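The values are calculated or read from the model by the stated rules, or taken from the named source; none is laboratory data. These figures come from a predicted structure and were not determined experimentally. Remember, those area values only see protein heavy atoms, side chains included, never the ligands or the DNA or RNA. Shrake-Rupley method; radii C 1.70, N 1.55, O 1.52, S 1.80 Å.
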Amino acid sequence: MFRILMFLIIILISSKERLMGQENSIYIKAGLLYDSKENKLLKNKLIHVQGTKIISVGGFESLPKNSQVIDLTQYTVLPGLIDAHTHVLFSQDADEDFSEHSIKSLTMESDALRVLRGAKRAKSYLDQGITSIKDLGNSGLYLDVALRNAINEGTIEGPRIFASGPILAANGGQIYGVLPKHQNIIDSEYRIITSPEDAKNAVREHVNQNVDLIKICADNLPNKTFLTLDEMKAVVQTAHSYNLKVTAHCVTNQSAWNAIEAGVDGIEHGFNLADSTLTKMAEKRIYLVPTENSKDYMNTYVKLSGYEETGWIDNYLKIMKDRLNRAIDKGVPVVAGSDNYTDIKVSRGESSTDMFRYYFQAGMKPFDILQSSTYISAFYLNKENEIGYIQPQANADIIAVKGDIINDFISTMEKVEFIMKDGNIYENKTD
Ligand SMILES: [Zn+2]
């Protein structure tokens, strides 16, 4: 019996090796290659891709004869981009209230319909060259995990998803104004934490459902409830014991301060961060995901939402620009994320690329924006060996843009003409 078993295992291993040997080799000639770790451009590099992985990065002279070549000598080649803050299973109209829309979705949109709609939104990221997304809740009971699995197994096309599962939050979550007798509806969208012990169990439930990271709401504004320091500490300790990162939605400075004290890995939004909080983040290497929008986006949004008053936009952008620049000056790691979930009448992926425009308008340098959308983003997911950097053994997530990325950043980023994820080519307008 044992001999038969060993025989079968040997057959299995050797056939796997044969299959590996047969995997298609593709060589990509990059006129310019963005080195996301060193944050600079390299000239004339040859990327060898086999199957789903990058095998090597070398000079053009290492191209073997009679090999399959993709000529990107007229392009700038980048690692697939990462949007570190998405909600693909949630979409509201500009004139809709967040809480009312959430209740409507939870009571009138079936999980099946919600996932199918989410699948279409997810695919639209891939179409923009965003090959990975961190999806941070508002996704029902682990519908994000289901969508991730469907993409990973090849059932549908989409970006690599890092899923958080339901957001851990204090009473009511972010869905304000719900009567006590209907609070149970919220349990289908948030994991409501009632004590530090409960917080530990909530993380274990998430681990059991195979999430990739934990998202908490340190505060729930405009709902007034917030997680206590001890609850957040319990979340972080348990999550870290399972090697999961914890990222915290924070609107107020106080909730961010508490989340940092509790040991979270990152702060989402952080609209009101004080200098002292930013200094602490820089010291502890806690990243910030600034989720603002460009002036163009805000104008579209305001028009669709029917607001009469638009004077506040400039002031809002000024405050946000100031906060981003204070963070950068203090050395806080910046991770790029859009948080776009409003329907502004373009695809979700297209809407999310507004983050490049915003960061640029706020004064970030093109290379720094690219690094925040690739290497730094991957690094804070513990995935820098797999995504966000074109290097041997990494997943073959590779895109190419046409134009001058240094002097004409915004319009160049709109011209993504080659998209490869996991070695599969999804777009190639280059021939
Ligand atoms: Zn969000």
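So the values come out like this:
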| quantity | calculated |
| --- | --- |
| Per residue, in Å², the accessible surface of region 197-343 once ligands and nucleic acids are set aside, probe 1.4 Å | 43 Å² |
| Within the accessible area of region 274-380 (1.4 Å probe), percent carbon and sulfur | 51 percent |
| Relative pair counts by distance (%), Cα atoms of region 347-392, 5 Å bins | 5, 22, 21, 21, 20, 9, 2 |
| Average accessible surface area per residue within region 372-431, 1.4 Å rolling probe, Å² | 41 Å² |
| Proximal lysines relative to K245, as straight alpha-carbon distance under 18 Å, when same-chain residues fewer than 8 apart are discounted | K134, K200, K215, K233, K284, K383 |
| Value of relative contact order over the chain, rounded to a whole percent, pairs C-alpha under 8 Å and six or more apart | 19 percent |
| Highest-fluctuation residue, K365, K134, K321 considered, GNM on the chain with Cα pairs under 10 Å | K365 |
| Enclosed volume per residue, in Å³, of the convex hull spanned by Cα atoms of the chain | 166 Å³ |
| Percent accessible area from carbon and sulfur atoms, region 135-211, protein chains only, probe 1.4 Å | 49 percent |
| Gap separating the Cα centres of region 242-261 and region 156-224, nearest whole Å | 14 Å |
| On Cα atoms only, tilt of 98-108 relative to the major axis of the chain in degrees | 70 degrees |
| DSSP-defined antiparallel bridges as percent of all bridges, the chain, nearest 5 | 50 percent |
